[in-house]
Every structure is written in C-alpha cells, then in structure tokens.
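Only one structure is covered here, and it is reproduced in the block below.
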Amino acid sequence: MDIVAFEHLTAAQRADCARILREAFVHIPAYQEDDEAEAEIETFLTVPERFALAALDGQTVVGLIGGIDTYSHAAELHPLAVDPRHHRKGIGAALTAALEARVAAMGKLTVYLGSDDEFGGTSLFGADIFPDALAKLAQIAPTSGHPFFFYRKLGYEPVGVVPDANGFGRPDLLMAKRVARP
C-alpha cells in the first residue's frame with residue numbers, strides 16, 4: 001500500500017474517493033446528496049487550508065484522509081474514510097499516521113477531530129448528557145462499532161463533547177492527539 005498526496009491522483013481516482021466517502025458514511029446524511037462527496041474531494045485541491053492523502057493498492061484507491069489547517073499549532077482531521085471492503089486491514093491507522101506526520105512537518109503540535117454519534121455507536125447516543133456532560137463523556141462505552149474507539153486506540157483522547165450537535169441525543173465527540181513536541 002502506498003500513501004500519496006491528493007494532487008498526485010487521477011480524475012478517476014478522485015472519483016473513487018467520492019464513492020468511498022458515500023459508502024463509508026452511508027449510515028449518516030453526509031455525502032449522500034448529489035455531488036456532495038465530489039464537492040468535498042474538490043476542496044482538497046482548491047481550498048488552500050485543506051489537504052488530503054489517499055491510500056492506494058496498486059492504482060486502486062482504498063482510503064483517504066483529509067486535514068484542515070485551522071490553528072497556528074493545530075490541524076483538524078476531516079474526514080477519514082476507508083472503502084468498506086478494505087476495513088480492518090490497517091488502512092485507517094496508516095492514513096492517520098501519515099496525516100499526523102504531515103501535520104507535525106507543518107510545525108503543528110496537535111491533531112484534533114470530531115466524531116459524531118449519529119447512529120448509536122456509543123452509550124451517549126440518545127441520551128440527555130446535560131448536566132455534567134464531561135462526566136458522561138468520561139464514562140463513554142461502545143454499543144456498536146464507532147470511530148471514537150478506533151481513534152482512542154490510536155492515542156486520541158476525548159477533550160470535549162458538543163451535546164445534541166446533530167439533534168437531541170446525537171453528540172459530536174471531540175478528540176485530540178499531540179503529534180509533536182513544542
């Protein structure tokens with residue numbers, strides 16, 4: 001598997017990236033509208049603050065990861081998507097490590113992300129987490145597969161929660177990881 005910057009992808013490979021976004025996020029509304037996934041992919045080539053990497057198996061795209069240069073010393077990971085036919089092969093972890101290395105090379109210290117629970121993957125889904133939302137975040141548990149627990153295995157820590165970000169009982173779980181020393 002090779003990991004390459006988006007600017008090295010062909011138009012057909014970028015189209016595969018859009019397909020992967022739709023398929024990887026099929027359980028939520030993101031990227032399901034006409035041309036929404038394609039528009040997201042295009043931003044990695046046209047918006048200066050955005051960058052992305054793709055995982056290739058030969059010439060076939062099997063995953064992608066995006067970054068957004070948001071703060072002087074931090075960047076956001078958004079999105080990470082692996083072709084569902086290639087899950088559990090280490091592709092997501094490899095893409096995340098490559099993004100972390102790129103962010104560190106940019107002089108940043110931290111990578112952060114939001115991991116929405118819009119489908120019931122954690123114990124916070126459907127719950128009223130007010131009051132004391134951070135205490136409830138500290139007790140989070142999986143109810144089915146959710147990216148929050150994948151990121152935890154990669155060293156990301158929960159740093160906050162936005163209750164009801166996507167409707168009642170559908171929080172955005174905020175996580176971060178230091179990728180370089182000051």
Report summary line: Taking the stretch 1-48 and keeping residues touching a Lys or Arg at 6+ places or on another chain (Cβ under 7 Å) and open to solvent by less than 70 Å² (accessible area, probe 1.4 Å) leaves 31, 37, 41, 43, 44
Requested in this report: State yes or no: is residue 118 under 24 Å from residue 19 (Cβ atoms), open to solvent by 10 Å² or more (accessible area, probe 1.4 Å), within 17 Å of the chain's Cα centre (by Cα) and not small (Gly, Ala, Ser)?
Outcome: yes
Query raised in the report: Quick one: would you say residue 5 is modelled with pLDDT of 95 or more and over 17 Å from the mean Cα position of the chain (by Cα)?
Result: no
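In the set 127, 105, 101, which member is surrounded by fewer than 17 Cβ atoms within 10 Å (Cβ to Cβ), out of contact with any helix residue (DSSP H, G or I) (no Cβ under 6 Å at 6 or more places or on another chain), closer than 20 Å to residue 44 by Cβ and in contact (Cβ under 8 Å) with a residue 40 or more places away in the chain?
101
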Report summary line: Of the residues in the stretch 138-171, those that are assigned to a loop (DSSP other than H, G, I, E, B) and either surrounded by 15 or more Cβ atoms within 10 Å (Cβ to Cβ) or not aromatic (Phe, Trp, Tyr) (or both) number 16
Query raised in the report: Of (1) surrounded by fewer than 19 Cβ atoms within 10 Å (Cβ to Cβ); (2) under 20 Å from the mean Cα position of the chain (by Cα), residue 135 satisfies all except one. Which?
Result: (2)
Report summary line: Output for Cβ contacts, cut-off 6 Å, separation at least six or different chains, first residue closer than 16 Å to residue 92 by Cβ in the stretch 52-70, second among the acidic types (Asp, Glu) and not in a strand (DSSP E or B), reads 61/16; 62/83
Query - Hits in the stretch 64-85 - residues which are small (Gly, Ala, Ser) and more than 9 Å from the chain's Cα centre (by Cα) - result: 72, 74, 75
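The values are calculated or read from the model by the stated rules, or taken from the named source; none is laboratory data. The shown structure was predicted, so the numbers you read here are calculated from the model rather than taken from an experiment. Here the Cβ is made from the backbone with ideal geometry for all residues, glycine too, and neighbour counts use every protein chain on show. Only protein heavy atoms, including side chains, enter the accessible area calculation; ligands, DNA and RNA are left aside. Shrake-Rupley method; radii C 1.70, N 1.55, O 1.52, S 1.80 Å.
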